[in-house]
Amino acid sequence: MKQEELFNYITSRDCNKVWQSACEIIKHSHNKEFIKYFIPHLSTIIEKTNKLEMGGFFAPNQRFVDFAIKIIEFHKNKENCSCFLYIEKFHLSNSLLKKEIKYDGFNPKKEVEKENIIFITTCYINKKWVDYYLVECCKCKKRFKVEEREGHYMFWNWNEVE
Ligand SMILES: [Zn+2]
């Protein structure tokens, strides 16, 4: 999908289209050239996605929308390397929870395919299940420990390695 269509989707107030568009924006989170298009539309996107009932039984789908907005804000305001997005915390806009969350959908295998990171090592539990990956950002060489977990869905917890 092109950016213009994604913009139409995310501002459509049709929850399914909003979700599709947000996921697509997240897929391109490290691609400043791609995200740039949305920067002048940021306030419209925030306004049009306000107070949608995004649903999500085991985990709020609102996190996709909020994180997509976070990504656009990041490329607008920050000079940091985009790997900061792996660990950036944000509030869910529709939630009463005061706690900040991290986006948990960054699959390191996909990030390697996109040439954003490289694998350094993989640690297993009982030689079977992945405990965590040690990865490195291709741009700034920062290293991250990425825990892989499976509950109702697969998710990953990224933390910077000192
Ligand atoms: Zn980096």
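The values are calculated or read from the model by the stated rules, or taken from the named source; none is laboratory data. In this text the structure is predicted, and so the values were computed from the model without any measurement. Note that we place each Cβ from the backbone using ideal geometry, even for glycine, and neighbour counts take in every protein chain shown. All accessible areas refer to the heavy atoms of the entire protein, side chains included, with ligands and DNA or RNA removed. Shrake-Rupley method; radii C 1.70, N 1.55, O 1.52, S 1.80 Å.
Observations on the model:
- Taking the 1.4 Å solvent-accessible surface of the stretch 19-162 as the whole, the part contributed by carbon and sulfur is 52%.
- Cβ-isolated cysteines (cut-off 4.7 Å), the chain: 15, 23, 123, 138
- Springs join every pair of Cα atoms under 10 Å in this Gaussian network model of the chain, and among 137, 123, 81 the largest mean-square fluctuation is at 123.
- Maximal additional length on extending the residue 128-residue 113 stretch stands at 3.1 nm, based on 0.36 nm per residue less the C-alpha distance.
- Each part reduced to its alpha carbon centroid, the stretch 118-162 and the stretch 27-59 end up 26 Å apart.
- Relative packing of peptides 103-113, 22-32 - highest average C-beta neighbours within 10 Å first: 22-32, 103-113
- Set of the stretch 16-36 residues, backbone N closer than 14 Å to the point 7 Å along the Cα-Cβ line of residue 76: 35-36
- Per-pair calculated FRET efficiency, R0 = 41 Å: residue 147 and residue 46 via Cβ, rounded to 0.05: 0.85
- The helix-based estimate of mean residue ellipticity at 222 nm for the chain, built from -39,500 (n - 2.57) per DSSP H run of four or more residues and divided by its residue count, is -9500 deg cm²/dmol to the nearest 500.
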